[in-house]
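The values are calculated or read from the model by the stated rules, or taken from the named source; none is laboratory data. Bear in mind that the values here come from a model prediction, so they are computed numbers and not experimental data. We place every Cβ from the backbone using ideal geometry, glycine too, and count neighbours over all the protein chains shown.
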Amino acid sequence: MLITGETGTGKELLAHAIHRMSGRSERPLVAFSCTNLPDTLIDDELFGHEKGAFTGALTMRRGRIETADQSTLFLDEIGDLGIGLQPKLLRVLQERTIERLGSSNLLSVNIRVICATHRNLAEMVRQGMFREDLYYRLNVVQMHLPALRERRDDIPLLAQHFLENSAVQFKRKARRFSQSALHALEEYSWPGNVRELQNAVQRAVVLSEGQTIELWQLPGALRTTCDVPLLSRSYEEEVREFKRRLVLRTLRECGWRKAKSARALGIARGYLHRLINQLEIQEIKEAAPIAAPVQLPPSTRIM
């Protein structure tokens with residue numbers, strides 16, 4: 001099976017899903033990436049070696065192919081496999097046998113091979129960079145994963161999934177995205193695809209203090225390149241966000257001392273406590289609170 005698609009689209013996740021749904025799922029999937037490794041190292045990783053096969057080979061070592069016997073072998077970025085190693089892999093697919101480095105004994109293996117690449121193997125075949133016979137052996141079943149920008153309807157579902165997982169992982173209260181934050185996620189081009197989306201959501205969850213992920217908590221690239229409509233949020237939502245930022249900034253500048261913060265804001269201490277609860281502000285103790293009083297102009301006082 002050959003899985004194609006841009007980097008970060010989830011090719012390895014698909015390979016793991018295929019393995020879990022197969023009759024080989026009782027044994028673990030064996031994965032190996034062919035990216036940016038010398039041929040000698042890839043040869044040893046895939047086929048293993050006998051004791052004494054080369055200097056430093058003090059013991060026998062089983063390769064990834066032998067380890068994947070009765071299971072699934074996932075070869076990521078197969079397009080980066082050197083032209084010198086391609087005949088050896090082709091022989092494995094045709095004969096279902098391998099030889100460890102330094103041995104002449106043939107070992108039979110029963111494996112299912114799933115390969116993935118972000119490169120155009122057909123074009124590489126035309127350029128003489130990839131063996132045609134190996135390409136046809138690998139390309140029995142092909143599955144293409146489109147880029148995230150080509151399936152924008154999946155963005156809210158994926159983002160919510162990553163939010164829920166990250167909230168559990170980092171022990172945060174985040175449960176949802178604000179309308180403006182969700183709009184930014186949907187409009188961004190995502191050159192890094194699903195992997196970039198996952199990292200962006202994780203960052204936002206780490207920065208979150210309440211149950212809602214706001215636009216300002218997303219990476220700068222999403223905020224600067226996304227044209228958020230003026231009517232994306234209601235008047236009440238805009239006022240709530242302004243209040244939250246003002247109260248949070250004042251609390252931090254006052255070292256999280258409620259009485260001092262209330263005086264700086266020009267409001268009663270009881271009202272400040274209600275605002276903290278309503279705006280879902282979580283107290284974070286600062287290492288060195290600022291001792292200077294905070295004076296806000298009358299125009300910024302909360303009525």
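The condition of being within 31 Å of the chain's Cα centre (by Cα), at pLDDT 95 or above and surrounded by 13 or more Cβ atoms within 10 Å (Cβ to Cβ) holds for only one of 85, 75, that being 75. For the residues 91, 100, 96, the requirement of being assigned by TED's automatic domain parsing to the domain that holds residue 13, farther than 21 Å from residue 19 by Cβ, touching a strand residue (DSSP E or B) at 6+ places or on another chain (Cβ under 8 Å) and free of Cβ contacts under 8 Å to residues at least 40 places away in the same chain singles out 91.
Answer yes or no as to whether residue 197 is assigned to a helix (DSSP H, G or I), buried (at least 17 other Cβ atoms within 10 Å of the Cβ) and either outside the structural domain of residue 14 (by TED's automatic domain parsing) or charged (D, E, K, R) (or both). It is true that residue 197 is assigned to a helix (DSSP H, G or I), buried (at least 17 other Cβ atoms within 10 Å of the Cβ) and either outside the structural domain of residue 14 (by TED's automatic domain parsing) or charged (D, E, K, R) (or both).
Residues in region 97-147 that are over 30 Å from residue 51 (Cα atoms) and in a loop (DSSP other than H, G, I, E, B): 13 in all.
Is it the case that region 133-151 has a residue that's surrounded by fewer than 14 Cβ atoms within 10 Å (Cβ to Cβ), over 16 Å from the mean Cα position of the chain (by Cα) and among the aromatic types (Phe, Trp, Tyr)? Yes - at least one qualifying residue is present in region 133-151. Applying the selection to region 103-162, what residues are among the acidic types (Asp, Glu) and on the phi > 0 side of the Ramachandran plot? Scanning region 103-162 gives no hits.
Which members of region 1-26 meet the condition of being of a type in the set (D, E, K, R) and more than 28 Å from residue 191 (Cα to Cα)? Selection gives 20, 24, 26. Checking 174, 184, 204 one by one, the residue that is in contact with a helix residue (DSSP H, G or I) (Cβ under 7 Å, 6 or more places away or on another chain) and either assigned by TED's automatic domain parsing to the domain that holds residue 278 or outside any helix (DSSP H, G or I) (or both) is 174 and no other. The sole residue among 53, 31 that is in contact with a Ser or Thr (Cβ under 8 Å, 6 or more places away or on another chain), assigned by TED's automatic domain parsing to the domain that holds residue 130 and among the aliphatic types (A, V, I, L, M) is 53. Among the residues that make up region 211-228, is at least one of them loosely packed, with under 15 Cβ neighbours inside 10 Å, under 23 Å from residue 7 (Cα atoms) and touching a Leu at 6+ places or on another chain (Cβ under 7 Å)? No, region 211-228 contains no residue that is loosely packed, with under 15 Cβ neighbours inside 10 Å, under 23 Å from residue 7 (Cα atoms) and touching a Leu at 6+ places or on another chain (Cβ under 7 Å). Within region 107-118, being in contact with a helix residue (DSSP H, G or I) (Cβ under 8 Å, 6 or more places away or on another chain) and loosely packed, with under 15 Cβ neighbours inside 10 Å holds for no residue. Number of residues in region 70-88 that are without any contact (Cβ under 8 Å) to a residue 60 or more places away in the chain, under 25 Å from residue 131 (Cα atoms) and outside any helix (DSSP H, G or I): the value is 9.
Conditions (1) at pLDDT 90 or above; (2) over 17 Å from residue 160 (Cβ atoms); (3) more than 18 Å from the chain's Cα centre (by Cα), marked per residue:
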{"residue": "174", "(1), (2), (3)": "yes, no, yes"}
{"residue": "201", "(1), (2), (3)": "yes, no, no"}
{"residue": "223", "(1), (2), (3)": "no, yes, yes"}
{"residue": "229", "(1), (2), (3)": "no, yes, yes"}
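Among the criteria (1) under 32 Å from the mean Cα position of the chain (by Cα); (2) more than 21 Å from residue 36 (Cα to Cα); (3) small (Gly, Ala, Ser), the one residue 104 does not fulfil is (1).
Residue 140 fulfils the conditions (1) at pLDDT below 95; (2) in contact with a strand residue (DSSP E or B) (Cβ under 7 Å, 6 or more places away or on another chain); (3) closer than 30 Å to residue 65 by Cβ except for a single criterion, (2). Of the listed requirements (1) modelled with pLDDT of 90 or more; (2) farther than 25 Å from residue 133 by Cα, residue 42 misses just one: (2).
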